[in-house]
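Below you'll find the structure, written out as structure tokens, and then a few comments.
No lab work stands behind these numbers, since they all come straight from the coordinates. Just so it is clear, the structure is predicted and the values come from calculations on it, not from any experiment. Please note: Cβ atoms are built from the backbone with ideal geometry, for glycine as well, and neighbour counts cover all protein chains shown.
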Amino acid sequence: MNWRTVEDQYLRDNKFFAQLVGVWPDQKRYAKLSIRLVIFVVVTVAIITEVSRVVIFYSTDVLLDQVVYLDIAIIVLVKQYNYILNEKKLKEIISEIVADRVIERPKEELEILDTYYKKAIIFCSIYKASISSSALMFIFIPAIPPILNVIAPLNESRGREFVYPAYYFVDEQRYYYLILAHMISMALVLAAVYIACDINLIHIIHHGCALLTICGYRFKHAMVDANFRDEKYDILTRKTYAKVCRSIEAHKKAVEYVGKIDACYVHYFFLLLGLIIIAFTSTFVRISTMEVGSRYFIFCAFTVSQLVHLLFVMIMGQFMVNSNNEIFRTIYEAKWYNGSSRTQLLYVLVLRKCLNPPVLTGGKLIPLNLYSFVQVLKASFSYYTVFSSK
């Protein structure tokens, strides 16, 4: 397969959604800049109107109510501009994914790549469904009062609802549909940016896991033919040593690939985790002070969406940890004892290297794994306890 065929076959969804929000590296410059400008204007207006509501109608309830939506809008910019600022790094990572597919490989290694690609597709489908359903939930909020007026009419019609609370400095009833159009466009932008940036991350992470698994496969099978009792042991020793050297080169490439991912996302993960903690804390406080109603259930659903998003971020790092642990176990269980002393020494060196594996982190401070997932939730509940006690 050639370069374009591989890109269209294995990165089709990535390319479509990334071009939709202007973060695909090879997208035409004019189209890319135009899309970025439109998204920036839509999100900036949303942030200004949300901040304005807090300033003009300030109260603790208004602040807690608004922080959640303001947090989401800021995350949209953080996600998009991480890809914009790291465009060259992202292009290099994507190029490596395509290049690893273009080069000739044994059937077993291609099967490993396909296995992780299928896993990435499953996670992408789940994530797209989750984000899309959350966005649609907010978009359909304005339709609730008209529907209730038909199903359960009152003495007077119910008031109009907006997608999210904001202040636009105009008569909201007179310009209702214009305001609603902007809010719906904001919800669509949010869904598109989340999906575009995060399904790209899913494919990038799973390709890194595939490279590490291929390394383990090579190390495990490098010693298969080595046997002390074989008459051609000397010849086999040289061949085995060459196989182990190629395995080490593959491991080095995989480690460098993971390092590039961490370099591209390290600050993004740190900012994202901080914003998620703020969102969780404010949501918990707001839910504890709200009366049961439509907004209450919206906040509950939003809490679940935040939980899914946090789990998604942390589980990507956990996948990388699991792959590193798996390669260590595979190398250790290989028949390294059948090799020569210098071949055995290479295995020892690789095992030593695996003790300090590359990991994904937030700002080089917070490792991304399921343990950190629990710690973030604990921190959010701790801050919630502090604020709710005042």
Next on the checklist: Which residue, TYR371, LEU271, SER341, has the largest displacement toward the positive end of the dipole of the chain when charges sit on each Cβ (Lys, Arg +1; Asp, Glu -1)?
Outcome noted: SER341
Checklist outcome for this item: Over the Cα atoms of the chain the radius of gyration and the largest Cα-Cα distance (Dmax), both in Å, equal 25.7, 98
Next on the checklist: Just want to confirm a number: the relative contact order over region 1-106, from Cα pairs under 8 angstrom separated by 6+ residues, in percent.
Outcome noted: 37 percent
Next on the checklist: Using a 10 Å cut-off around each Cβ, can you sort HIS206, HIS182 from fewest to most neighbouring Cβ atoms?
Outcome noted: HIS182, HIS206
Item to check | Calculated FRET efficiency for the pair LEU271/LEU349, C-beta based, R₀ 51 Å, to 0.05 | outcome: 0.90
Item to check | Peptide ranges 276-285, 92-101 listed from the most packed, as the mean C-beta count within 10 angstrom indicates | outcome: 276-285, 92-101
Checklist outcome for this item: For the table LYS253/LYS378; LYS28/LYS253; LYS119/LYS220; LYS119/LYS260, the rows whose alpha-carbon distance is greater than 28 Å are LYS253/LYS378; LYS28/LYS253
Checklist entry - Put +1 on the Cβ of each Lys and Arg and -1 on the Cβ of each Asp and Glu in region 3-388; which of ILE331, TYR177, PHE312 then has its Cα farthest toward the positive end of the dipole? => result ILE331
Item to check | Relative contact order computed over the chain (Cα-Cα under 8 Å; 6+ residues apart), in percent | outcome: 21 percent
Next on the checklist: Taking the 0 to 90 degree range and rounding to the nearest ten, how far is the long axis of helix 107-139 tilted relative to the main principal axis of the chain, both from C-alpha atoms?
Outcome noted: 10 degrees
Item to check | Neighbour net charge for PHE319 - beta-carbon separation under 15 angstrom, K R +1, D E -1 | outcome: -1
Checklist entry - Per residue of the chain, what 222 nm ellipticity follows from adding -39500 (n - 2.57) for every DSSP H run with n ≥ 4, rounded to the nearest 500? => result -28000 deg cm²/dmol
Checklist entry - Put +1 on the Cβ of each Lys and Arg and -1 on the Cβ of each Asp and Glu in region 3-388; which of ASN82, PRO165, CYS209 then has its Cα farthest toward the positive end of the dipole? => result CYS209
